[in-house]
Amino acid sequence: MFGLLALECMVIVALFVAIGLARRAYALPRAAKESVFWALGLFLWGGLIATFGAAYLTDVGEYLAASYIPETQKSLFAAAVLAPLTEETTKGLAVLLALEWNRREVPSLLDGMLYGALVGLGFEATENILYILSFYLEYGFWGVTLYGSARVFAFGFTHALFTSLTGLGVALARLLWPSPWSVLALPLGWLAAVILHMTHNVLVSASNLLCWGALFFDVAGLYLVWKLARLLSQQERAWVRRYLWEEFEQGLITWKQYQTACTQEGRRTVSRLARNPQQAKRIEAFYRALVQLAVEKAKADMVWIPGQRRRIQALRQRIRRWAPHMPDAS
């Protein structure tokens, strides 16, 4: 009875921890924010498609490698090699599809990291529930209480950490396209996620003592990635303020439009003031074009990309046509 109650409580806790971390990541200030339903879709992909897809691919890999791997090494091979490769691929596919599907939005490194984190947290929620169930079946009440708690609270963020690096690589590839550097960004981001995942799994599988090393390793990685995310968030807002100020000085936009474009809240407010859905879409497109103009100008200052100046001029022409008819958040 107590074991079943502990199982139910720990499953609920695992879900709440994953959802709470996802809400925390989604709340990070960004140049442009997607809807909650978009974030939920990424979370569910990680929790359903990526989890069970990776499990199937891992089983296939184990079957194909059965003749080459000694029986005593099969579990370590699956944990240290197959799991990182299959899991980071199925999770990374969601980030790639999300950024491609959402091409009309401003390309953002922070968005890529967030997409990866949301997919990873969905994956973590399902994986933790499956582990908690296995702890209950094998050890009963104490297995769920001790091992389940360690799994949820000590390592409940690891998949978000790993896949955020894949998301960073995908977003960087899109941001730099069609620069030659974009070809390297995506595989390097995926490879960084796989290596981090492999290191974690090896440390956890090796011994109980090295689990503490894995925890230190993961927390240090999380701290660095979180600091990077905050830095990218500040950088995006700085780009908007700096590069749109030049457009205001040149008369492309008004002072109020500049102020509205500089904050996410201002852009949301002016969209809510629209008289009808059609006008709201036009307003959102206008302010999205302003943010994209700032990002494109920042890219032009950092790296040479073919056709960059032409894209900037095209954005300016579009904004010049729309600006006289656009309200602001005042």
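Every number here is computed from the coordinates shown, using simple stated rules; none is lab data. Just so we're clear, the structure is a prediction, and the values are computed from it rather than from any experiment. Using ideal geometry, Cβ is built from the backbone for each residue, glycine included, and neighbour counts are taken over all protein chains shown.
The table for this structure:
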read-out	value
Listed residues LEU184, LEU7, GLN292: farthest to the positive end of the dipole of the chain (Cβ charges)	GLN292
Sites ARG321 and ALA238, calculated FRET efficiency, Cβ-Cβ separation with R0 35 Å, nearest 0.05	0.80
Nonlocal amide H pairs with MET326, under 5 Å, H built at 1.01 Å	none
For ILE253, residues with placed amide H under 5 Å, excluding near neighbours	PHE248
Options (i) 43, 22, 16; (ii) 35, 26, 17; (iii) 32, 23, 19 - which one matches semi-axes √(5λ) of the Cα gyration tensor in Å as calculated here	(i)
CD proxy at 222 nm, helix term only [per DSSP H run n ≥ 4: -39500 (n - 2.57); per residue of the chain; nearest 500]	-25500 deg cm²/dmol
Gain on full stretching of the segment that runs from ALA314 to GLU100 - 0.36 nm per residue minus C-alpha separation	74.9 nm
Where labels lie 7 Å past Cα in the beta-carbon direction, separation of GLU284 and GLU62 in nm	4.4 nm
Quarter of Cα convex hull surface for the range 250-325, i.e. mean projection, nm²	5.4 nm²
Helix runs (DSSP H) in the chain reaching 24 Å along axis by Cα, Kyte-Doolittle at least -0.5	2-26, 83-101, 109-139, 158-176, 182-206, 208-249, 277-302
